[in-house]
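Chemist: Input: one structure, supplied below.
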Amino acid sequence: MLVDIHNHIIYGVDDGASNEQASMALIDIARKHDTRIICFTPHVYPEYFGDNAEAIVRHFRRITEMAAPVFPDMQFFLGSEVHYTPSTLNWIRDNKAFTMNGTDYVLLEFDTDDELGKILKAVSQMLNSGYCPIIAHPERYVRFCSAYREIEEMRRDGVLLQCDSGAFTGDFGLAEKRKGKGLLKRGLVDMIASDAHSVDGRDSDLSRCAKYISDHFGEKYCRALFYQTPATVLGLNDRRE
């Protein structure tokens, strides 16, 4: 069983699924490839997508209502992928951005060319405010992905790293695959998720990547990446087990 903790399956709120049918199709792909738990994480970035919080909640309820009878063995939760700005904490406090299933974990996105210092400052701000940052697709951040010493220090403070499955299946090219593998080899990746956007592009099949990870990095690490840690982030188990 796989857990997908980062995707854009909720329709009509960002650059992901465009309508109800597209959302259901992505859930169907996930189900056919062994995903049973999905935390929907639409983009929250008011400067780009506007204030989409009400639409996110409304469309989340609609999709879960539609999916429940079709996929009775699946569980659905709500979070968001928050593009970090100095206003991020206010968005969370004002319920315009969503933590992961109401926990203290927050999925954070940065610009690909952000300076390392900006990312470190953002992480520190979130930690000092009582939140546990999850850094989305760190393999994309040019000045961050090879800062192994700083990443190790972050993780000791409770920060988690979530890579995209496409980075390891070659969907994003050799450069991102190399960067992702560099993090994996050092044990610095905590979760892998689909970051699914559409059926025809970046879809919701995690199984190919899970097989690659199991074959090259071992079943134990694979289970931690695709089930144990994501389930803990959602408050569904105890990571200490």
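Chemist: With the cut-off at 27 Å, tell me which of the pairs LYS96/LYS177; LYS181/LYS220; LYS118/LYS185; LYS179/LYS211; LYS185/LYS211 have Cα atoms farther apart than that.
Modeler: LYS96/LYS177
Chemist: For region 1-65, build the convex hull from the C-alpha positions and give me its volume per residue in Å³. Walk me through the numbers on the way to the answer.
Modeler: Working: hull volume 4.6 nm³, N = 65.
For region 1-65, the hull spanned by Cα atoms encloses 70 Å³ per residue.
Chemist: What fraction of the Cα pairs in region 96-241, stated in percent, has a spacing above 25 angstrom?
Modeler: 25
Chemist: Residue by residue through region 111-118, what is 3J(HN,Hα) from phi via Karplus (6.51 cos²θ - 1.76 cosθ + 1.60, θ = phi - 60°)? Round to whole Hz and write x for glycine and proline.
Modeler: So the J values, rounded to whole Hz, are 6, 4, 9, 4, 5, 4, x, 5.
Chemist: Sort 34-40, 157-163 for me by packing, meaning the mean count of neighbouring Cβ atoms within 10 Å per residue, highest on top.
Modeler: Put in order of decreasing packing, that is 34-40, 157-163.
Chemist: Sticking with this one: For n ≥ 4 DSSP H runs only, could you compute -39500 (n - 2.57) per run for the chain, divide by its residues and tell me the 222 nm figure to the nearest 500?
Modeler: So the helix-based figure for the chain works out to -12000 deg cm²/dmol.
Chemist: Summing Lys, Arg as +1 and Asp, Glu as -1, what charge do residues with Cβ under 12 Å from the Cβ of ARG36 carry, ARG36 excluded?
Modeler: Computed value for this residue: -1.
Chemist: Got a sec to turn the phi values of region 2-8 into Karplus ³J(HN,Hα) couplings, 6.51 cos²θ - 1.76 cosθ + 1.60 with θ = phi - 60°, whole Hz, x for Gly and Pro?
Modeler: Result, ordered by residue: 10, 10, 9, 10, 8, 6, 10 Hz.
Chemist: Give me the orientation-averaged projected area of the Cα convex hull of region 189-232, in nm², one decimal. Mind dumping the intermediate values first?
Modeler: Details: hull surface 12.8 nm².
Computed as one quarter of the Cα hull surface, the answer is 3.2 nm².
Chemist: If I stretch the segment between LEU120 and ARG149 completely, what's the gain in nm (0.36 nm per residue apart, minus their alpha carbon distance), one decimal?
Modeler: 9.2 nm
Chemist: Where does region 2-233 land on the Kirkwood hydrodynamic radius, alpha-carbon pairs, in angstrom? Walk me through the numbers before you get to the answer.
Modeler: Details: mean 1/r = 0.0570 Å⁻¹.
When all Cα pairs of region 2-233 are included, the Kirkwood radius is 17.5 Å.
Computed from the coordinates by the stated procedures, all read-outs in this text should not be read as laboratory data. Predicted, not measured: the structure shown is a model, and the values here were computed from it. We place every Cβ from the backbone using ideal geometry, glycine too, and count neighbours over all the protein chains shown.
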